[in-house]
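J.: Structure in structure tokens, see below.
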Amino acid sequence: MSENNGICVIAEINSDNSLTGVSLELIGAAKELAAKLGGKEVSALLIAGNKDLNPLVKELTEAGANKIYLVQDEKLENYSTDLYSHVAYEVINLKKPEIVLVGATTTGRDLGPRLSSRLDTGLTADCTALDINEKGQLAATRPTFGGNLMATILCKKMPQMATVRPKVMRKPEPDPSNVAEVETINIDLSGINSRTKLLEVIKGCFNNCAGIDEADIIVAGGRGMKSAENFAILEDLAKALGGAVGASRAAVDAGWRPHCDQVGQTGKTVTPKLYIACGISGAIQHLAGMNSSDIIVAINKDPDAPIFDIATYGIVGDVFEIVPELTKAIKESQLTAV
Ligand code: FAD
């Protein structure tokens, strides 16, 4: 292990040139791991086209990175598996971090395994917790057996790699006093061709996809909503509260909501301030995506529904009676407040 240096986070850039939230969450996680390793270095790798990266460098620095590696080339304007995995491979080989962290986004889930294969190492995918064990190894935890067990996985090879779900770790508070060393690395891409070509970006979902990722309030519906049309009452409640609508897998599988609304193990992990679960039983796979919410309100007509075991407030009753009453009361209280 001695020849390996610190922890490297592969930061990801959104199409609007902002950093993905998970990139900052991973810097926070890496700082904690680095402290447990006796104060090792936290680095971030930014791969991009020829754009201004200064705002992103500032954000990564304030999040706590000690070093930032920049690789820029016009060929890297858009994500390409071949080019990005080549660049990441070269940088990791050069800098030899002992741990490499990647966000479990669509891009990260593509890049991470490709990179680990080229580095001839293992990767624990879709982690929900990271730690350092008594031997100084990365202990990467992820759900397994359909979410019924949490497995903590070690990797004997270097670097130890993990992809981590967005939103399971908190973003660090920005520290404007932190200083990071920025290093530009030139990687020769002349002989490297991408076997894929980006023709067009088509947004898959126009509803409120961004909504449940970032919303402070989520009103989610399950099989108990009984039809797609009935979600209108949840839209009304979400609108009154300034929140977004989510769904259980049962509701998504029934075709009532798009997959981007799904909360849970095979959907999104969310951590809103308020999560209102309507007609959702509380299966372990659903809880895996929302049980870190600050306040959970459950509305279910079955008093024995498991969702009540984790709910902050439980309402036993019919969603079709309670939700409209709740919406009405919230609207009235807003009018009174005005
Ligand atoms: P149900 O379990 O059928 O519950 C419906 C609830 O509605 C019941 O509790 C009922 O009492 C209540 N209800 C009915 N009518 C009313 C009414 N009028 N008023 C009030 N309450 C009412 N699930 C997810 O959600 N997300 C995932 O990401 C996910 N991933 C999975 C991955 C794997 C590998 C597997 C095996 C399963 C996964 N599941 C996931 C499915 C999960 O196991 C459950 O089947 C699912 O969460 C159930 O959805 P539900 O609570 O909406 O439906």
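The values are calculated or read from the model by the stated rules, or taken from the named source; none is laboratory data. Quick caveat: nothing in here was measured; it's all calculated off a predicted structure. So basically every Cβ, Gly included, is an ideal-geometry build from the backbone, and we count neighbours across all protein chains shown.
J.: Exactly one condition in (1) within 16 Å of the ligand (Cβ to nearest atom); (2) under 25 Å from the mean Cα position of the chain (by Cα); (3) not aromatic (Phe, Trp, Tyr) is not met by residue 217; state its number.
T.: With respect to (1) within 16 Å of the ligand (Cβ to nearest atom); (2) under 25 Å from the mean Cα position of the chain (by Cα); (3) not aromatic (Phe, Trp, Tyr), residue 217 is out only on (1).
J.: Scanning segment 280-338 for residues that are assigned to a strand (DSSP E or B) and surrounded by fewer than 15 Cβ atoms within 10 Å (Cβ to Cβ), which turns out nearest to the ligand (Cβ to nearest atom)?
T.: Looking only at segment 280-338, we keep the residues that are assigned to a strand (DSSP E or B), and these are 295-300, 313-316.
With the extra rule that they be surrounded by fewer than 15 Cβ atoms within 10 Å (Cβ to Cβ), the set shrinks to 295, 313, 316.
Details: 295: 19, 313: 15, 316: 9 Å.
So, considering only residues that are assigned to a strand (DSSP E or B) and surrounded by fewer than 15 Cβ atoms within 10 Å (Cβ to Cβ), the one nearest to the ligand (Cβ to nearest atom) is 316.
J.: Restricting the search to segment 257-271, which residues are near the ligand (Cβ under 10 Å from one of its atoms) and surrounded by fewer than 19 Cβ atoms within 10 Å (Cβ to Cβ)?
T.: Filtering segment 257-271 for residues near the ligand (Cβ under 10 Å from one of its atoms) gives 259, 262-269.
Of everything in segment 257-271, those that are near the ligand (Cβ under 10 Å from one of its atoms) and surrounded by fewer than 19 Cβ atoms within 10 Å (Cβ to Cβ) turn out to be 259, 266.
J.: Let me ask something additional. Taking into account only those residues within segment 105-161 that are touching an Asp or Glu at 6+ places or on another chain (Cβ under 6 Å) and without any contact (Cβ under 8 Å) to a residue 60 or more places away in the chain, which is nearest to the ligand (Cβ to nearest atom)?
T.: Checked segment 105-161; the qualifying residue nearest to the ligand (Cβ to nearest atom) is 142.
J.: Still on this structure, please answer the following. Is it true that residue 14 is out of contact with any strand residue (DSSP E or B) (no Cβ under 8 Å at 6 or more places or on another chain) and modelled with pLDDT under 95?
T.: Against the criterion (out of contact with any strand residue (DSSP E or B) (no Cβ under 8 Å at 6 or more places or on another chain) and modelled with pLDDT under 95), residue 14 qualifies.
J.: Quick check on this structure: which one of 284, 330 is under 30 Å from residue 105 (Cα atoms), in contact with a helix residue (DSSP H, G or I) (Cβ under 6 Å, 6 or more places away or on another chain), touching a residue at least 60 places away in the same chain (Cβ under 8 Å) and aliphatic (A, V, I, L, M)?
T.: Values: 330 fails: under 30 Å from residue 105 (Cα atoms).
Result: 284 is the single residue among 284, 330 that is under 30 Å from residue 105 (Cα atoms), in contact with a helix residue (DSSP H, G or I) (Cβ under 6 Å, 6 or more places away or on another chain), touching a residue at least 60 places away in the same chain (Cβ under 8 Å) and aliphatic (A, V, I, L, M).
J.: Now for a different question. Which one of 131, 175 is out of contact with any strand residue (DSSP E or B) (no Cβ under 9 Å at 6 or more places or on another chain), at pLDDT 90 or above and either buried (at least 18 other Cβ atoms within 10 Å of the Cβ) or not hydroxyl-bearing (Ser, Thr, Tyr) (or both)? Please lay out each step first, then the result.
T.: Numbers: 131 fails: out of contact with any strand residue (DSSP E or B) (no Cβ under 9 Å at 6 or more places or on another chain).
175 is the lone residue from the list that is out of contact with any strand residue (DSSP E or B) (no Cβ under 9 Å at 6 or more places or on another chain), at pLDDT 90 or above and either buried (at least 18 other Cβ atoms within 10 Å of the Cβ) or not hydroxyl-bearing (Ser, Thr, Tyr) (or both).
J.: From the list 57, 91, which one is touching a residue at least 40 places away in the same chain (Cβ under 8 Å), surrounded by fewer than 20 Cβ atoms within 10 Å (Cβ to Cβ) and farther than 25 Å from residue 199 by Cβ?
T.: Working: 91 fails: surrounded by fewer than 20 Cβ atoms within 10 Å (Cβ to Cβ).
Answer to the selection: 57.
J.: Then there's this: Of all residues in segment 244-256 being crowded, with 24+ Cβ neighbours inside 10 Å and of a type outside the set (A, V, I, L, M), which is farthest from the ligand (Cβ to nearest atom)?
T.: 246
J.: What number of residues within segment 247-275 are in a loop (DSSP other than H, G, I, E, B), more than 14 Å from the chain's Cα centre (by Cα) and within 14 Å of residue 287 (Cβ to Cβ)?
T.: So in segment 247-275, the residues in a loop (DSSP other than H, G, I, E, B) come out as 248, 254-258, 264-267, 269-273.
If we keep only those that are more than 14 Å from the chain's Cα centre (by Cα) as well, we get 248, 254-258, 273.
From the residues that got through so far, the ones that are within 14 Å of residue 287 (Cβ to Cβ) too are 248.
Summing the residues that are in a loop (DSSP other than H, G, I, E, B), more than 14 Å from the chain's Cα centre (by Cα) and within 14 Å of residue 287 (Cβ to Cβ) in segment 247-275 gives 1.
J.: Between residues in segment 213-229 that are basic (Lys, Arg) and residues that are within 15 Å of the ligand (Cβ to nearest atom) and assigned to a helix (DSSP H, G or I), which pairs lie under 8 Å by C-beta distance while being six or more apart or on different chains?
T.: Hits for this filter: 223/250; 223/251.
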